[in-house]
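Trainee: Dumping the structure here so I can ask a few things about it.
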Amino acid sequence: MSLILNVIWVIFGGFFMALGWMVSAVIMAVTIIGLPWARACLNIALYALWPFGKEAVSRKLLTGKDDLGTGALCVIGNIVWFVLVGIWLALGHVGKAIVSKEMAAEARRRAATQKLDAMQATA
């Protein structure tokens with residue numbers, strides 16, 4: 001089942017979100033101080049490309065070590081991350097979740113048609 005869901009996900013936006021995360025990894029790698037965030041971007045790109053059947057787990061829960069980027073010295077890296085790529089990736093994810101009124105109406109029409117067909121089949 002996860003294979004089918006992953007293929008559908010890739011077709012309808014997962015590829016573009018993974019590509020956005022990969023571009024973000026390159027941008028963060030260019031800043032040098034963003035290398036740890038670049039690696040995280042690549043990990044998230046794989047997760048964004050093929051998410052079903054995977055689970056994100058805290059590093060502290062898994063290894064007992066704190067996550068990278070949570071210390072006081074990492075504030076600069078987090079600010080660079082947010083300004084260069086973080087806000088744009090967030091907007092990209094929100095943009096993939098919002099559809100036009102026409103698409104929403106079509107989805108509701110199809111769902112109603114399926115319900116009617118199911119009701120007629122049982123009657």
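Trainee: If the only charges are +1 at each Lys and Arg Cβ and -1 at each Asp and Glu Cβ, what is the size of the charge dipole of the chain around the Cα centre, to the nearest 20 debye?
Mentor: That gives the chain a dipole magnitude of about 140 debye.
Trainee: Please name whichever of TRP9, ILE27, ILE44 sits farthest to the positive end of the charge dipole of the chain, dipole taken about the Cα centre and charges placed at Cβ: Lys and Arg +1, Asp and Glu -1.
Mentor: The residue sitting farthest along the positive end of the dipole is TRP9.
Trainee: Cut-off is 10 Å between beta-carbons; in what order do SER24, SER2 appear when sorted fewest neighbours first?
Mentor: With the sparsest Cβ surroundings first, the list reads SER2, SER24.
Trainee: What percent do you get for the relative contact order of the chain when only Cα pairs under 8 Å and 6+ apart count? Intermediate results must be reported in sequence, preceding the final value.
Mentor: Working: 81 pairs, mean separation 30.5, N = 123.
Relative CO of the chain lands at 25 percent.
Trainee: Return the Rg/Rh ratio of the chain with Cα-based radii and a Kirkwood Rh.
Mentor: Ratio value, two decimals: 1.14.
Values quoted throughout were computed directly from the atomic coordinates according to the rules given, and no laboratory measurement underlies them. Here the structure is a predicted model, which is why all the values come from computation and not from measurement. Virtual Cβ from ideal backbone geometry, glycine too; neighbours counted across all protein chains shown.
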